[in-house]
Amino acid sequence: ASSRFLGNKHSFFHSKITMATESGTPQDNTSAFIAGVRDIKNQQDEEEKKSASPTASISDQSGGSGWEDAIHVARRSYKDPLRELHPSSAVIHAGYHSDLSERAIKPPVFKSSTFVFATAEEGELFFKRAYGLKGNDGQPPGLVYSRLNNPNVEIIEDKLVSLERGSNYCNAFPSGMSAISTTIMALVPTGGHIMYTNPVYGGTYFFLTTVCPDRLNVTSQGADTSNPDKLRRAIEEAPRLDVLYLECPANPTLSITDIALATSLAKAKNPDCLIMVDNTFMGPVFQSPFLFGADIVLYSATKFIGGHSDLVAGLVLTKDKTLMSKINTYRTILGPVISPDTAWMLTRSVETVWLRMERQADKAQKVASALAAHPRVSRLVFPGYYSSETSSAARDVKTELWERQCSGTGSMISIVVRPNTRKAAFTVLNGMKIAHLAVSLGSTETLVEHPRSMTHSDMTEEDLDAC
């Protein structure tokens, strides 16, 4: 691309922004952006006058401003997470370049089960890399076989790294539970101990309380991690602590744990304790656990990230390469690998996750306000709305934590109906006219369920009552 072409491109971009602001769109930082684009164009025009060649390469322009970096993302490596951009922009560009696939603006679906090596030596090297064998040079393995890697899977993994602040590595899985279970099997030693948020999603609860002790010789205990005093006492009394597993907000009580404080308490008990955070409810839009000390962030990508009730997937993200290498090895051997079709659909979905989650939160705030005033609702739980707390001190503490750790409310709402009986709850569920009576969340539909008899029905009565 020539400097003259880029100049014309900027002029076109400038005119589009100007028309948008003239039509009444709030300007915010648009004027500063336009000024920045003008400066780039003027600088390029001056450079073009001085240059003997009319086709100066973009890469020749070094030492430029952040505007140049933002506008020239197409020339960056597709593996670059583009941290200088807002995540909602970075996720559009990261992970894929059109020149990888016949200039297609969106990637094709690579349904191939296996991939051809250029030489026998390359095949040998790729397997050494994939399995960490002697002679491994530490580089990504290259395409081998779709149980190990696949272009569509790598694209969505790279996009998620660009979306999740503080992350460096991502592995995609065919479900949230496969992501959770594989990660724990890969990282928790035999004889290890896990402390988890109580309550926690029913599937996670079953895995931690049944599968871990029965099959893995790993013990677990629930704790009210949202209560600093109770969490501190639980950690002090624990026989050992290998993993602190936080669900934040918790499912379905929506209690919020102070991730930074929890990390500090756990690391004081055991510096090697891993902090895992299931961030499904807030998503990468409203909460960034890595910024508060988390080692691992997990998602059911079926929910907000997928966002259309048409796929099932899970994600694991880490900052540390060694942790991800262990998780990746278990994924390779056990085989819980996302399909190319599902990976492609996630790539479609992730580009709009910011828009969708912000819109969902706006609508949820209106629903929450209506429910809070309804005579048949005895208690409403919604992040950021703490008017039902019995004391102003409790309201202040919870509000301060939410404001410090979250950038929005999310769109999950829990209510207690009056009277507080199963029959009354079922009457509400059966009377829904717009919302769908179905489990899951984060899609284009509004969904409603009764956790105690549905998603959390595998919990013991004692643990249900304790929650």
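The values are calculated or read from the model by the stated rules, or taken from the named source; none is laboratory data. Keep in mind that what you see is a predicted model, and the values were worked out from it rather than measured. Note that we place each Cβ from the backbone using ideal geometry, even for glycine, and neighbour counts take in every protein chain shown. For accessibility, only protein heavy atoms count, side chains too; no ligands or nucleic acids. Shrake-Rupley method; radii C 1.70, N 1.55, O 1.52, S 1.80 Å.
Among the residues of the range 257-276, write down those that are over 20 Å from the mean Cα position of the chain (by Cα) and either open to solvent by 20 Å² or more (accessible area, probe 1.4 Å) or among the polar types (S, T, N, Q) (or both).
Leu261, Ser264, Leu265, Lys267, Ala268, Lys269, Asn270, Pro271, Asp272
Under 8 Å between Cβ atoms, which residue pairs at least 6 apart in sequence (or on different chains) link something in the range 332-361 that is among the small types (Gly, Ala, Ser) with a partner that is assigned to a helix (DSSP H, G or I) and open to solvent by less than 40 Å² (accessible area, probe 1.4 Å)?
These pairs meet every condition: Ala343/Asn152; Ala343/Val153; Ala343/Ile155; Ala343/Ile156; Ala361/Phe286.
As an exercise: evaluate Leu401 against (1) over 30 Å from Leu261 (Cβ atoms); (2) surrounded by 15 or more Cβ atoms within 10 Å (Cβ to Cβ) and give the number of the one condition it does not meet.
(1)
Being surrounded by 19 or more Cβ atoms within 10 Å (Cβ to Cβ) and farther than 30 Å from Thr352 by Cβ is the requirement here; does Val188 meet it?
When the stated conditions are applied, Val188 passes them.
For the range 407-439, what are the residues that are of a type in the set (Gly, Ala, Ser) and either assigned to a helix (DSSP H, G or I) or open to solvent by less than 50 Å² (accessible area, probe 1.4 Å) (or both)?
Gly408, Gly410, Ser411, Ser414, Ala424, Ala425, Gly431, Ala435, Ala438
With respect to Asp295, determine if the residue is exposed (fewer than 15 other Cβ atoms within 10 Å of the Cβ) and modelled with pLDDT of 95 or more.
no
Tell me yes or no: at least one residue of the range 210-232 is open to solvent by less than 20 Å² (accessible area, probe 1.4 Å), among the β-branched types (Val, Ile, Thr) and either more than 30 Å from Phe110 (Cβ to Cβ) or in a loop (DSSP other than H, G, I, E, B) (or both).
Among the residues of the range 210-232, at least one is open to solvent by less than 20 Å² (accessible area, probe 1.4 Å), among the β-branched types (Val, Ile, Thr) and either more than 30 Å from Phe110 (Cβ to Cβ) or in a loop (DSSP other than H, G, I, E, B) (or both), which makes the answer yes.
Is at least one residue of the range 367-379 touching an Asp or Glu at 6+ places or on another chain (Cβ under 7 Å), of a type in the set (A, V, I, L, M) and at pLDDT 95 or above?
The answer is no, given that none of the residues of the range 367-379 is touching an Asp or Glu at 6+ places or on another chain (Cβ under 7 Å), of a type in the set (A, V, I, L, M) and at pLDDT 95 or above.
With Arg147, Arg129, Arg165 as the choices, which residue is free of Cβ contacts under 8 Å to residues at least 24 places away in the same chain and of a type outside the set (A, V, I, L, M, F, W, C)?
Arg129
For residues that are over 23 Å from Leu429 (Cβ atoms) and out of contact with any helix residue (DSSP H, G or I) (no Cβ under 9 Å at 6 or more places or on another chain), tally how many sit in the range 353-392.
5
Name the pairs whose Cβ atoms lie under 7 Å apart, with the first residue in the range 376-391 and open to solvent by less than 80 Å² (accessible area, probe 1.4 Å), the second among the charged types (D, E, K, R) and assigned to a loop (DSSP other than H, G, I, E, B), and 6 or more positions between them or separate chains?
Note: pairs meeting the criteria are Val377/Arg418; Ser378/Arg418.
Condition check: more than 28 Å from Leu401 (Cβ to Cβ), in contact (Cβ under 8 Å) with a residue 12 or more places away in the chain and touching a strand residue (DSSP E or B) at 6+ places or on another chain (Cβ under 7 Å). Does Ile327 satisfy that?
yes
Any residue in the range 273-290 that is modelled with pLDDT under 95 and in contact with a helix residue (DSSP H, G or I) (Cβ under 7 Å, 6 or more places away or on another chain)?
no
Under 9 Å by Cβ, and 6 or more places apart or on different chains, what pairs join a residue from the range 236-250 that is open to solvent by less than 20 Å² (accessible area, probe 1.4 Å) and of a type in the set (Val, Ile, Thr) with one that is in a loop (DSSP other than H, G, I, E, B) and at pLDDT 95 or above?
Short answer, once both residue conditions are applied: Val243/Val188; Val243/Gly192; Val243/Val218; Val243/Cys273.
Hey, does the range 276-286 have a residue that's free of Cβ contacts under 8 Å to residues at least 60 places away in the same chain and among the hydrophobic types (A, V, I, L, M, F, W, C)?
yes
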